[in-house]
Structures are given as structure tokens and as C-alpha cells.
1. Return the residues of segment 141-168 that are part of a helix (DSSP H, G or I), of a type in the set (Ser, Thr, Tyr) and more than 30 Å from Ile86 (Cα to Cα); say none if nothing qualifies.
2. Which of the helices (runs of 4 or more DSSP H) found entirely inside segment 169-281 contain at least 3 residues meeting this: closer than 26 Å to Val139 by Cα?
3. Out of curiosity, is Leu225 surrounded by fewer than 11 Cβ atoms within 10 Å (Cβ to Cβ), more than 16 Å from Leu134 (Cβ to Cβ) and within 18 Å of the chain's Cα centre (by Cα)?
4. Does segment 276-296 contain at least one residue that is at pLDDT below 90, over 16 Å from the mean Cα position of the chain (by Cα), of a type outside the set (A, V, I, L, M, F, W, C) and exposed (fewer than 13 other Cβ atoms within 10 Å of the Cβ)?
5. Surrounded by 15 or more Cβ atoms within 10 Å (Cβ to Cβ) and free of Cβ contacts under 8 Å to residues at least 12 places away in the same chain: which single residue out of Ile55, Ile62 fits that description?
6. Residue check: is Arg69 on the phi > 0 side of the Ramachandran plot and either assigned by TED's automatic domain parsing to the domain that holds Val141 or more than 26 Å from the chain's Cα centre (by Cα) (or both)?
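The values are calculated or read from the model by the stated rules, or taken from the named source; none is laboratory data. Predicted model, so just to flag it, every value in this text is computed and none were measured. Note that each Cβ is placed from the backbone with ideal geometry, even for glycine, and that neighbours are counted across all protein chains shown.
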Amino acid sequence: MFRRPSFGLAEVAWRWSFGATVFTLLAFSFVEYLDTLAVRPGDLFLLRTRQAFLIARAIEHILSGSAVRVMEAAVVMAVGLALAWIIVASLGRAATLKSLLAYFKAESAERQPSQSEAGDGRPSEWRLRSLLGLNFLRVAVTFSAVIGCLAALVLAGVASPAHNPVPGLSLLAFSVVLLLVWIAWHTLSWFLSVAAIFVVRDGKDTFGALAAAVDLFRDRSGPVLAAGTWFGLAHLMAFFLASVVVAFPLAFAGVVPPGFVLLGVLLVTCFYFAVEDFLHMGRLAAYVAICQWLEAPPVSAIRYRSPGPGELPSRAASRPRVDTDEVILSDIPLSDIPAT
């Protein structure tokens, strides 16, 4: 993150470009939706009265009958943004992972040339459709999580019926289901995100990369959990600091114009999201390093193997071996050596 900030800037670039597209699309959709609303002279009269009750009645009358258009626009935007996210995220992740793998491969070549030469046999060809498949699964998991949240609301309503309301039980049921949905979504999203490493590095397909991510967590769970924990704490600290800093512009809301307050809040929010993207790239780099820096077997683990039938003994095997159980002259005290 500090040696090569260009990786973090690349992550910010492709994520913020998609975010800017989403914001622009929402703004245009909102403007187009407002153009479809019919405002009658009676509604204008109620809006000009400056009475909260009359203004609410006017807004309710203006918005009546427009729920169908809102749902149609929401479905169209959701599908379009999902497809755009699958393509943009696949291209962006491919670019960042290729750069990260090249960076760690160069460092590995400088530190341990023998291991870098041994690792050159890995397949370098990969297909974009594997990344597209992973991101499609991420979008499907996200939509499933949204449906799970709606199911939590329905379950909360069932737990507290209108004829016998139990607010505490309703809140408990909603919180438990929401927590379970979040855990399932976060876990699946993590595995799908890490699986992209094996697509770019090893050329695996979608489900093969997902299986490799599961194997990585099973075989090297300690380093993986350590990296995730430290970056999670850093993310939490960044969120806490941003929450504290954003209170300063809000404290001057009654002194300075509202535009300056809004600008200050937007600057703090953008800075927080930039830090979050840098932390995300740092965590991804940690996972790439865990996958790349495989420890060489110790010398003590190398055992002698006698040649089989028809095999010639190797140069190392033909060397005379020393019996460690044999007592040599240096192990015998001088007092025990008989005089000649």
C-alpha cells in the first residue's frame, strides 16, 4: 500500500468510475421520474400555504399512482447496473491482480531465484469468462441477501401480529435473521473475491477457482485470518475517525452557509471511501502474498531414497554417508584413549 500506491489508485479509479456512473444514472432517473408527475393548480395552492399538513396532502396526491413506474424503473436500473458491475469489476480485478502477481513474482525472484524459476511452470493463460462467472455469482449472492432482508421484515411482522403486538420479539427476530443473512453474504462474497486470484494466477475456471479459495482457507487459515483481522480493524478505525471528523462541518451548520457544510461532509465521505478502497487493495495484496510466498521444505525434511531396480544412483546418493551412531575419535575423551 505504501511502496506502490498506484495499485490503490487503480482500485479507486475503477470503483469510483462505476460509482460515478451509478450516481449519474440515479440523478437522471430521478429527474425523468419527476417529469412524469402531474402537478395540478390545487396541489400548487396547497404547497404554497407553507402548512406541513397541507403540504403532505399535496405531495401524497402528486405521488399517487406512480408506484408502478418507480418499481419498473428500479427493476430496469437494477438489472442494468448488475450487468455493468459484472463487466467493470471483472476488467478492473483482472488489471489489478495481474499487476500484483507481477510485483510479487519480481520480489520473489530477487529473494529466492530458485523458487521463482520453479514457479514459472504455472499456466499464465486465463479467460475473462471465469471472472465474469465469479462476479455473476457475487451479484446473485447480493440479490439473495436483499431477498433475505425482505424476508426478515416479513418474519418480524409475523412474530408481532396486529391483534397481539410484541415489539421485543419482532425486533429480536428481525435482528437474528438479518445477522445470519449478513454472515452468509459476507462469507460467500469473501470466497468469491479471493477466488479471482486463482483465475488470473493459475487459469482456473469459475468453480475450480472457488474450490482453490476454499483450499487456501483450509490449508493456511492462520495467515488468512490474521490478514483479514488486521485490515478489518484498520477499516473500523477509519470509519471511527471519519465519523468523528464529519461532526466538525455539521457543528458549523448554523454559522456557515449550508453549501459549505454539505461540501465538507462530501469531502470527508470521499476521503473515507478512498481509504476503504486502499485497505481493500492492501488486503487483496496480503492474500496474493500468502498464495505466492510458499515456504521451501527444510533441509531436514529431505530424505535419502535408494535407487530402485534399473535406476542409476544419483550423484548425491553416491556420496559416502556418515553414520551418526558410530563413535568417532573426537567423541572419546583423551583420558579414555589407551597409551601406546
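1. none
2. 206-219, 221-245
3. no
4. Yes.
5. Ile55
6. Spelling it out, it is not the case that Arg69 is on the phi > 0 side of the Ramachandran plot and either assigned by TED's automatic domain parsing to the domain that holds Val141 or more than 26 Å from the chain's Cα centre (by Cα) (or both).
Each row is one residue, and each column tells you yes or no for (1) at pLDDT 90 or above; (2) more than 30 Å from Tyr272 (Cβ to Cβ); (3) basic (Lys, Arg); (4) in contact with a Gly (Cβ under 9 Å, 6 or more places away or on another chain).
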residue	(1), (2), (3), (4)
Ile197	yes, no, no, no
Asp202	no, yes, no, yes
Ala213	yes, no, no, no
Arg220	no, yes, yes, no
Leu225	yes, no, no, no
Leu233	yes, no, no, no
Ala238	yes, no, no, no
Ala247	no, no, no, no
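Yes/no matrix, rows are residues, columns are (1) in contact with a Phe, Trp or Tyr (Cβ under 8 Å, 6 or more places away or on another chain); (2) over 14 Å from Tyr287 (Cβ atoms):
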residue	(1), (2)
Thr206	no, yes
Ala211	no, yes
Val214	yes, no
Ala226	no, no
Phe231	no, no
Leu250	no, yes
Pro258	no, yes
Leu263	no, yes
